[in-house]
1. Given 45, 76, which one is modelled with pLDDT under 75 and farther than 16 Å from residue 176 by Cβ?
2. For a quick check of your reading: which helices (runs of 4 or more DSSP H) sit entirely within region 104-216 and have at least 2 residues that are out of contact with any strand residue (DSSP E or B) (no Cβ under 6 Å at 6 or more places or on another chain) and at pLDDT 75 or above?
3. Please list, ordered by first then second residue, the pairs with beta carbon atoms under 6 Å, 6 or more apart or interchain, first in region 168-191 and surrounded by fewer than 15 Cβ atoms within 10 Å (Cβ to Cβ), second assigned to a loop (DSSP other than H, G, I, E, B).
């Protein structure tokens, strides 16, 4: 159980470095800056990151429950969806290696302007959670490929919790940084865009190839 949790946390941390997520960091830091300014002078401003993390975990568990329930009725279809998704990841990885990032033009997350900054932070986390799925979804969904009963599928929900924790920890850590450090990080994204794309391309291609290799026998078994 410990090994499974550690693996899921590691996957969540890995997802935060994917090209699905990296373009959103400048917007997240801008959001933090705005939220913290409304709580200027108050120690509670450091709680914003915890509420974002709570939102991420809530959404990940909801997504995990949905996928778990779907896997019971469409388990055979997963044997087709998983390899297709992994092939898509490999294709996206190749695009990134040629400095073409299809995620770069995605709109930044816009949380509703609520009067309570902590509720707003929680909603932001809810919206942020699904962002990881385009890059990490195939690995997560493959966990449910052999879940033949609802009980078996739901028992695997812990994977999504630990994945969400790994995915949300960097957001929490960023919320503790000073404004100057947050601006420095944004500059690094601007200066090293090409390097980030190459690293992201290798990451996505690696995830896609690993997903195909690790699930190949299961895919063949389902296809008969």
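The values are calculated or read from the model by the stated rules, or taken from the named source; none is laboratory data. On a predicted model such as this, the values are computed, not experimentally measured, just so you know. Ideal geometry is used to build each Cβ from the backbone, glycine not excepted, and the neighbour counts take in all protein chains shown.
1. The unique qualifying residue is 76.
2. 117-128, 158-175, 179-191
3. Nothing qualifies.
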